[in-house]
Each structure stands twice: as structure tokens, then as C-alpha cells.
1. So, in the stretch 32-66, exactly how many residues are touching a helix residue (DSSP H, G or I) at 6+ places or on another chain (Cβ under 7 Å) and surrounded by fewer than 16 Cβ atoms within 10 Å (Cβ to Cβ)?
2. Considering only the stretch 78-92, state which residues are part of a helix (DSSP H, G or I) and surrounded by 17 or more Cβ atoms within 10 Å (Cβ to Cβ).
3. Taking the stretch 8-55 on its own, how many of its residues are touching a strand residue (DSSP E or B) at 6+ places or on another chain (Cβ under 8 Å), part of a loop (DSSP other than H, G, I, E, B) and modelled with pLDDT of 85 or more?
4. Mind checking whether some residue in the stretch 57-77 is more than 23 Å from residue 103 (Cβ to Cβ), assigned to a helix (DSSP H, G or I) and touching a residue at least 12 places away in the same chain (Cβ under 8 Å)?
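The values are calculated or read from the model by the stated rules, or taken from the named source; none is laboratory data. Computed from a prediction, not measured in an experiment: that's the story for all the values here. Ideal geometry is used to build each Cβ from the backbone, glycine not excepted, and the neighbour counts take in all protein chains shown.
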């Protein structure tokens with residue numbers, strides 16, 4: 001998720017009835033019509049922005065677990081417990097691979 005105004009990826013979700021985002025760099029806020037943009041998830045349909053949010057959170061958690069020396073299988077199990085209702089196992093495996101690649105360059 002990036003800010004449509006400045007392009008920053010430092011974006012937070014605001015608590016409101018409508019899915020609303022705020023850029024922490026420039027302060028721009030925006031929302032999406034949640035009636036469109038639905039994607040299938042293990043729990044049913046969710047908005048694609050919610051799915052992106054969970055992907056970003058899962059990536060950070062995967063990097064943290066890998067830094068602690070956890071095995072790939074252990075990381076997968078942890079991510080399944082936390083994000084399995086929003087992301088399927090194939091997506092979680094991709095996230096773990098991405099985390100491993102990013103860890104090489106840190």
C-alpha cells in the first residue's frame with residue numbers, strides 16, 4: 001500500500017466505519033469503496049487492501065521469526081495461526097521466501 005499523493009509506503013489504517021488510510025509522511029488520508037475490490041480469502045471475501053495489509057504484516061512477522069533463527073516450517077506454522085484466515089498457505093510460503101531474500105540484503 002502506498003500513498004496516492006506522495007508514493008510513501010509508510011501508511012496506517014485509521015479506525016472508522018469506512019476503510020480509511022493515512023500517510024504518515026505527508027498526512028494525506030483516503031478511503032476506498034469497500035463494495036468493490038473484493039478478493040477471495042480463506043475466510044470469505046475481503047477487500048484487496050485488507051489482504052495487502054495482512055501480507056505486509058505477515059512479511060514483517062516472518063522476518064522477525066527468521067531473525068530469531070526459527071525454521072521455515074515453524075515460521076509457516078506461526079503465520080498460518082495468525083494470518084491463515086486471510087492468506088492461504090501458498091501465499092504464506094511466498095511471503096516466507098520474500099522474507100528470506102530480504103534478510104540476505106539486510
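1. Total meeting the criteria: 3.
2. 78, 79, 83, 91, 92
3. Summing the residues that are touching a strand residue (DSSP E or B) at 6+ places or on another chain (Cβ under 8 Å), part of a loop (DSSP other than H, G, I, E, B) and modelled with pLDDT of 85 or more in the stretch 8-55 gives 4.
4. No - not one qualifying residue is present in the stretch 57-77.
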